[in-house]
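Only one structure is covered here, and it is reproduced in the block below.
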Amino acid sequence: MFTGRLIFKQIMDFMPLPTFRRCVAKYKGDFKVKKFSCFDQFLCMAFAQITHRESLRDIEICLRSQNKKLYHMGIRGKISKSTLADANERRDWRIYAEFAQSLIATARHLYREDPFLEELDETVYALDATTIDLCLSVFPWAQFRKKKAAIKLHTLLDLKGNIPTFIHISDGKLHDVNALDLLQLEAGAYYVMNRGYLDFERLYAFNQIPAFFVTRAKANMQYKRRCSHPVDKETGLRCDQTILLTGFYTSKHYPDILRRVKFLDTGTGKSLVFLTNNITLPALTIAQLYHSRWQVELFFKWIKQHLRIKRFYGTSENAVKTQVWIAVSVYLLVAIMKKRLNLKESLYTILQILSISVFEKTPLFQLVTERDYRTPDAPSCNQLKLF
């Protein structure tokens, strides 16, 4: 029988503690703090994410019910609703944002060899944003509409391992295309985006790096064809053209040539028109690249369903950003754990198992890989003998 560490402690052992302490020291998170440190706060919030706690009171009740195990979980401070609320309100959210960035670097290194498209060695990113609706009377700092509040998560997803490499939390008013101004473009990388990011002045900056983009064209785009390339229509391709923009403003904002690829989706019957500044990849690969953008939509759906980012434990901007960044950190820790333990199960499966097992003392690898294990039936000592 394994009598070692709790499952929760085994997960948190994947945290790079020196990095976390540097982030805390940089923003003076533990300045004049005696009883409930930033590390205690992180562990409590991570516990809430893994076990799907709904409120601060919920966290307090669950942890206090296991009071004798808190020390073995790594929690040294006294757990109370007010203490955790004050920590979320006052501790700088940038501590957890910077710590998440260090986990992103670790996760990307671990997943860099994962296959994506065989013909591509370069990094492929999917850029998109998702809106989280809030109550305006409770979150007045996040006003979105006249009677509605919201925040946006602008996310750049590395499609090798589905690791978020860039996250920006803004109010709901910030248009998606403005996220392009915040990115540090990587030379040679591919950026896949929907039509919400179609701004030719911003897209022209990709040519200066150089980096590549794949996006959808709008129906009213003005252009002239310079030449056409042969395509295999049995694959769904309809045309592969080199074009120049002819609109008054677009021709000035993007004076270079573009590539226009038209693809018929046989599943839905829709014709999709893609734009890219890459002229060397096969046209079918361009269509496959845009199709891979759906991974970022699935990522948003997954984190909304399995992490606590739709119901918040605090109402201030600092508390909301703290919760989101700790949720991202938990996602990354599980992704790092999955790769280092060489687990074949999906992140969804792993988190579901962990959510009901945090107080057990089974080895992590055994917990996940042998969850269907059954011990042989043994005769009960209370069973009477008939013969």
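The values are calculated or read from the model by the stated rules, or taken from the named source; none is laboratory data. Predicted model only: the values in this text are computed from it and were never measured. Cβ placement follows ideal geometry from the backbone for every residue including glycine, while neighbour counts extend to all protein chains displayed.
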Answer yes or no as to whether THR322 is part of a helix (DSSP H, G or I) and either touching a residue at least 12 places away in the same chain (Cβ under 8 Å) or in contact with a helix residue (DSSP H, G or I) (Cβ under 6 Å, 6 or more places away or on another chain) (or both). yes
Residue satisfying condition, being at pLDDT below 80 and polar (S, T, N, Q), within set ASN342, ASN318, ASN382: ASN382
When you scan the range 3-54 for helices (runs of 4 or more DSSP H) that lie fully inside it, which ones turn up with 2 or more residues that are crowded, with 21+ Cβ neighbours inside 10 Å and of a type in the set (S, T, N, Q)? 38-51
Going by the conditions given, is GLN208 without any contact (Cβ under 8 Å) to a residue 24 or more places away in the chain and within 19 Å of the chain's Cα centre (by Cα)? no
Residue under evaluation VAL368, criteria (1) in contact with a helix residue (DSSP H, G or I) (Cβ under 8 Å, 6 or more places away or on another chain); (2) under 24 Å from ASP171 (Cβ atoms); (3) not in a loop (DSSP other than H, G, I, E, B), criterion not met: (2)
Would it be correct to say that ILE104 is in contact with a Cys (Cβ under 6 Å, 6 or more places away or on another chain), crowded, with 17+ Cβ neighbours inside 10 Å and within 15 Å of ALA327 (Cβ to Cβ)? no
Regarding ALA129, is this residue at pLDDT 90 or above, within 22 Å of THR315 (Cα to Cα), buried (at least 17 other Cβ atoms within 10 Å of the Cβ) and not β-branched (Val, Ile, Thr)? yes
Output the residues belonging to the range 270-285 that are without any contact (Cβ under 8 Å) to a residue 24 or more places away in the chain and either part of a loop (DSSP other than H, G, I, E, B) or of a type in the set (Val, Ile, Thr) (or both). THR280
Within the range 104-133, count every residue that is touching a helix residue (DSSP H, G or I) at 6+ places or on another chain (Cβ under 8 Å), assigned to a strand (DSSP E or B) and either over 20 Å from GLU297 (Cα atoms) or not aliphatic (A, V, I, L, M) (or both). 2
Out of (1) touching an Asp or Glu at 6+ places or on another chain (Cβ under 6 Å); (2) closer than 15 Å to TRP325 by Cα, what's the single condition that is false for ALA46? (1)
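Going through ARG238, ARG226, ARG202 one at a time, which residue ends up being in a helix (DSSP H, G or I) and basic (Lys, Arg)? It would help to see each step written out before you state the result.
Values: ARG238 fails: in a helix (DSSP H, G or I); ARG226 fails: in a helix (DSSP H, G or I).
Among ARG238, ARG226, ARG202, only ARG202 is in a helix (DSSP H, G or I) and basic (Lys, Arg).
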